[in-house]
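The values are calculated or read from the model by the stated rules, or taken from the named source; none is laboratory data. Because the structure is a prediction, the values reported are computed rather than measured. FYI the Cβ positions are ideal-geometry reconstructions off the backbone, even for glycines, and counts take in every protein chain you see. Keep in mind that these areas ignore ligands, DNA and RNA; they rest on the heavy atoms of the full protein, side chains included. Shrake-Rupley method; radii C 1.70, N 1.55, O 1.52, S 1.80 Å.
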Amino acid sequence: MPLFSTQAIVIRSLNYGESDKITTFFTKDFGKLKGIAKGARRSKKRFQNVLGLFTHLRLIFFDREGMGLVRIESGDLLHLFPKIREDLRKIYYGNYYLELVNEMAGERERHPEVFDLLLTFLEDLDRLEPGEEQLRMFEIRMLSLFGYRPHLIHCGLCQRNWEVLRDDPSLFFSLEKGTLICHRCSRYGEKLLPISLGTARFIDQAAQIELSKLNRIKFTAQALTESRAILPRFIAHQLGKELKSLKGLRETFSSVSKLENSNAK
Amino acid sequence: MALHAKPIDHLIEALSKLPGIGKKTASRLAFHILRSSLSDAQELARAILDVKEKIRLCSICFNLTDEDPCWICRDEQRSSEILCVVEGPNDLIAIENTGAFHGKYHVLHGAISPLEGIGPEELKIKELITRLQKEKVTEVILATNPTVEGGATTLYLTDSLKALGIKVTRIAYGVPVGGEIEYSDGLTLSKALEGRREI
């Protein structure tokens, strides 16, 4: 059975049977891979600490047929992101990144740029204070990399561009079409959400700028509010479901803030 | 077309629904049951029915029990001032087996897992807080697993329990007995160093 090696990030891990684990990785060279690690829960050496969520590792695995579960042979730890594990909000943010990758990526579809994006965002999450801007930026980049980039440079129906649309009293984003819809065409559209020209320009720029230059552009308050209303709903529309971690993030942090307020009183 | 007589197929199908049991293992188990004595088979069937009919959650600690409150909550020799919070009944048994803990327990029945849609509401956290408001507990030991999910649960509980003014501790992380430093990862070693103590 051929043996392979690649960089990987653990995006899901479940206990299986008495001592095995079924783990989903996003790998640099093979895309999303699911594998079984025999005896992983008992092993004190071979799999120690490499099959937990967020772990960045060099994965060594056997793969006989190029399909189904691979057999995980071992893993060399590269990075554990310890600061993510010490902050509840970071854990929720990181889980959202992992779930988004898991839901959008098909098995064994190679996307090295998605691997780089996930690694970069996990490194930033580990290093920096968690901010909502990071979530929205990750969504924009993921949509772009998987071919769902919103088309925001002209109206999706009449094709009038930004220069002309500047004077429109209101603009919309169509969840159905994934495009900008001008004021005039809005009566023909369904599932429309308000968007400003500034936000449309910002999302378009954020989708295209080089990953290394992403931190040079910043959300305005309006762009952040509008992105919050548009992007998660557009993703849910594309996937046909709401992501569990995002729902959990909203619910948990509304209860934590209630708790903090009651402590403060 | 069924290869075996209907009752055998039925048993194989029922056994193969158990976790980690495939068709082959289920078939082997079914033939073992078929060859065993009638009394052994009746005992197995009775044991399965017993756990379904008699086992419930203790109304105090939420451990699995056939009597309410469970034997640990009823035991007056155990300290009621120290409470050990665990994710599941198997963790409670593992800690009991050490013989090193003489307080009482609270079983959460899971850990916070955003990917699986398990939040604080799905666990016995509200019940823990209500219990701590009623009982005279001076220390809560958080004995969740050292995983991301266990860590998330610990962080959430620490925030929630701070308000009650109770001492909150967490079991130590570090190199396992029988493990080797050479094979330990950086995070485990740094936790072991942080948690070192004078001897």
Within region B:148-189, what residues put their amide N at less than 12 Å from the label point 7 Å along the Cα-to-Cβ vector of residue B:135?
-> none
Is the shape of region A:3-130 rounded, prolate or oblate, going by the alpha carbon gyration tensor and its root eigenvalues a ≥ b ≥ c, with a/c under 1.5 for rounded and a/b larger than b/c for prolate?
-> oblate
With a 1.4 Å probe on protein heavy atoms only, work out how much accessible surface B and A bury together, total over both chains, in Å² to the nearest 100.
-> 2400 Å²
Per residue of B:59-65, how many C-beta atoms from partner chains lie within 10 Å of its own C-beta, taken as a mean?
-> 0
About the Cα centre, charge dipole magnitude for the protein assembly as shown (Lys/Arg +1, Asp/Glu -1 at Cβ), debye | 480 debye
Angle, helix A:112-127 long axis vs. longest principal axis of chain A, Cα atoms, 0 to 90°, nearest 10?
-> 90 degrees
Where is the GNM fluctuation largest for chain B (alpha-carbon springs, 10 angstrom cutoff): B:76, B:180, B:121?
-> B:180
Treating the angle as unsigned and between 0 and 90°, give the value, to the nearest 10°, between the Cα long axis of helix A:132-145 and the longest Cα principal axis of chain A.
-> 90 degrees
Using a Gaussian network model of chain B whose springs link C-alpha atoms within less than 10 Å, name the residue from B:94, B:30, B:47 with the highest mean-square fluctuation.
-> B:30
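With the cut-off at 1.5 for a/c, could you classify chain B from its C-alpha gyration tensor as rounded, prolate or oblate?
Taking the square roots of the gyration eigenvalues as a ≥ b ≥ c, chain B is prolate.
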Whole Å is fine, so just give me how far the alpha carbon centre of region B:65-111 lies from that of region A:38-114.
-> 33 Å
What residue among B:161, B:92, B:15 has the largest mean-square fluctuation in a Gaussian network model of chain B, using Cα springs under 10 Å?
-> B:15
Where a ≥ b ≥ c are the square roots of the eigenvalues of the C-alpha gyration tensor, would you call chain A rounded, which needs a/c under 1.5, or, failing that, prolate if a/b is larger than b/c, or oblate?
-> prolate
Residue A:215 and residue B:193 label points (each 7 Å along its Cα→Cβ direction) are spaced in nm at 2.5 nm
Relative to chain A, whose Cα atoms define the longest principal axis, helix A:197-208 and its Cα axis are tilted in degrees, nearest 10, by 30 degrees
Calculate the spin-label point distance for residue A:151 paired with residue B:32, positioning each point 7 Å from the Cα along the beta-carbon direction, and give it in nanometres.
-> 6.2 nm
Here the whole-number average of other chain Cβ atoms within 10 Å per Cβ of B:111-123 is 6
Over the protein assembly as shown, how many percent of alpha carbon pairs lie in each 10 Å bin up to the one with the longest distance?
-> 4, 16, 23, 23, 18, 11, 4, 1, 0
With +1 on each Lys and Arg Cβ and -1 on each Asp and Glu Cβ, and nothing else charged, work out how big the dipole of region B:75-194 is about its Cα centre, in Debye to the nearest 20.
-> 540 debye
For residue B:167 and residue B:51, extending 7 Å from Cα along the Cα-Cβ vector and measuring point to point gives, in nm, a value of 3.8 nm
